[in-house]
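K.L.:
I'd like to ask some things about the structure below.
The values are calculated or read from the model by the stated rules, or taken from the named source; none is laboratory data. Because the structure is predicted, anything quoted here is derived from the model rather than measured. For neighbour counting, all protein chains shown are included, and Cβ atoms are generated from backbone atoms with ideal geometry for every residue, glycine included.
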């Protein structure tokens, strides 16, 4: 059976979002991609959006709803999003409101907007998956990552995770809301090799193993060979 999939953040070849889209399209599924990057493939369902422009995003989503009548089976937020403020020393300078807005829009506001507009396209059994970083959820993991970098990024991700919890607890349909927190080392040759040989297939299979028991959960993959489903919420590893 062909699935209707919407994914945000799939513009970089050799990374999970892009590779996921290529595989599911190859299997005959219907996939719409929203990305702030220029699409490598000129597919008619590849749509470029600007996270910093709320009004433009809203118009694009409204047009998507006009053009697509099908229910959504999988809604995946895989975008990396903004990072401002990156260093804590940025906190001693006048705040850049435009960059703050971009960080919040990309991680929180745009997912919120799209979910609000497409809730009637979701059905019992549909899945909404947020790819996230969990370093902002506990002091232990924040210190592990380093307290002086990626301040805005981990903060916005913590907000995104808590938003997921809210959707999971307050749902009015049996839509599954969950997070996936992988640890893929794209920046090292060893990490790229491992991603190609192991991590991609693990993550791909995990997406399609999500069911209602995953609601409100964070699935973590901290460089371990097995992706582990947590029984209750977040758990540090």
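K.L.:
With respect to residue 135, is the statement that it is outside any helix (DSSP H, G or I), at pLDDT below 95 and more than 18 Å from residue 16 (Cβ to Cβ) true?
P.N.:
In short, yes.
K.L.:
How many of the residues making up region 77-111 are in contact with a strand residue (DSSP E or B) (Cβ under 8 Å, 6 or more places away or on another chain) and assigned to a loop (DSSP other than H, G, I, E, B)?
P.N.:
3
K.L.:
Oh, and also: Could you tell me which of the residues 74, 114 is within 24 Å of residue 22 (Cα to Cα), within 16 Å of the chain's Cα centre (by Cα), part of a helix (DSSP H, G or I) and at pLDDT 95 or above? Step through it out loud before you land on a result.
P.N.:
Numbers: 74 fails: part of a helix (DSSP H, G or I).
Going through 74, 114 in turn, just one is within 24 Å of residue 22 (Cα to Cα), within 16 Å of the chain's Cα centre (by Cα), part of a helix (DSSP H, G or I) and at pLDDT 95 or above: 114.
K.L.:
Looking only at region 89-109, decide whether some residue is surrounded by fewer than 22 Cβ atoms within 10 Å (Cβ to Cβ), closer than 23 Å to residue 21 by Cα and over 19 Å from the mean Cα position of the chain (by Cα).
P.N.:
No, the conditions are met nowhere in region 89-109.
K.L.:
For region 207-224, which residues satisfy the criterion of being within 24 Å of residue 22 (Cβ to Cβ) and modelled with pLDDT under 90?
P.N.:
As a first pass, look at region 207-224 and keep what is within 24 Å of residue 22 (Cβ to Cβ): 207-210, 219, 221.
Result: 219, 221.
K.L.:
Another question, then. Among the residues of region 1-27, write down those that are modelled with pLDDT under 90 and under 15 Å from residue 77 (Cα atoms).
P.N.:
Selection gives 10, 11, 12.
K.L.:
Please verify whether region 26-46 includes one or more residues that are under 30 Å from residue 202 (Cα atoms) and part of a helix (DSSP H, G or I).
P.N.:
yes
K.L.:
Give me the pairs: first residue in region 86-101 and at positive phi and at pLDDT below 85, second residue surrounded by 10 or more Cβ atoms within 10 Å (Cβ to Cβ) and part of a helix (DSSP H, G or I), beta-carbon distance under 7 Å, and six or more apart or on different chains, which are they?
P.N.:
Here the result reads none, with nothing in region 86-101 linked to a residue that is surrounded by 10 or more Cβ atoms within 10 Å (Cβ to Cβ) and part of a helix (DSSP H, G or I).
K.L.:
Listed residues 32, 60, 48; which is in contact with a strand residue (DSSP E or B) (Cβ under 9 Å, 6 or more places away or on another chain), free of Cβ contacts under 8 Å to residues at least 40 places away in the same chain and more than 26 Å from residue 182 (Cβ to Cβ)?
P.N.:
Result: 60 is the single residue among 32, 60, 48 that is in contact with a strand residue (DSSP E or B) (Cβ under 9 Å, 6 or more places away or on another chain), free of Cβ contacts under 8 Å to residues at least 40 places away in the same chain and more than 26 Å from residue 182 (Cβ to Cβ).
K.L.:
I would also like to ask the following. Let me spell it out: the conditions are (1) modelled with pLDDT under 90; (2) buried (at least 22 other Cβ atoms within 10 Å of the Cβ); (3) touching a helix residue (DSSP H, G or I) at 6+ places or on another chain (Cβ under 6 Å); (4) farther than 26 Å from residue 3 by Cβ, and residue 148 meets all of them except one. Which number is the exception?
P.N.:
Against the list (1) modelled with pLDDT under 90; (2) buried (at least 22 other Cβ atoms within 10 Å of the Cβ); (3) touching a helix residue (DSSP H, G or I) at 6+ places or on another chain (Cβ under 6 Å); (4) farther than 26 Å from residue 3 by Cβ, residue 148 comes up short only on (2).
K.L.:
Still on this model: Please identify the pairs in which a residue from region 202-218 that is over 17 Å from residue 126 (Cα atoms) has its Cβ atom under 9 Å from the Cβ atom of a residue that is modelled with pLDDT of 95 or more and loosely packed, with under 12 Cβ neighbours inside 10 Å, counting only partners at least 6 apart or on another chain.
P.N.:
From region 202-218, no pairs qualify.
K.L.:
For residues that are touching a helix residue (DSSP H, G or I) at 6+ places or on another chain (Cβ under 8 Å) and in a helix (DSSP H, G or I), scanning just region 158-194, find the one that is surrounded by the most Cβ atoms within 10 Å (Cβ to Cβ).
P.N.:
Top of the filtered list is 160.
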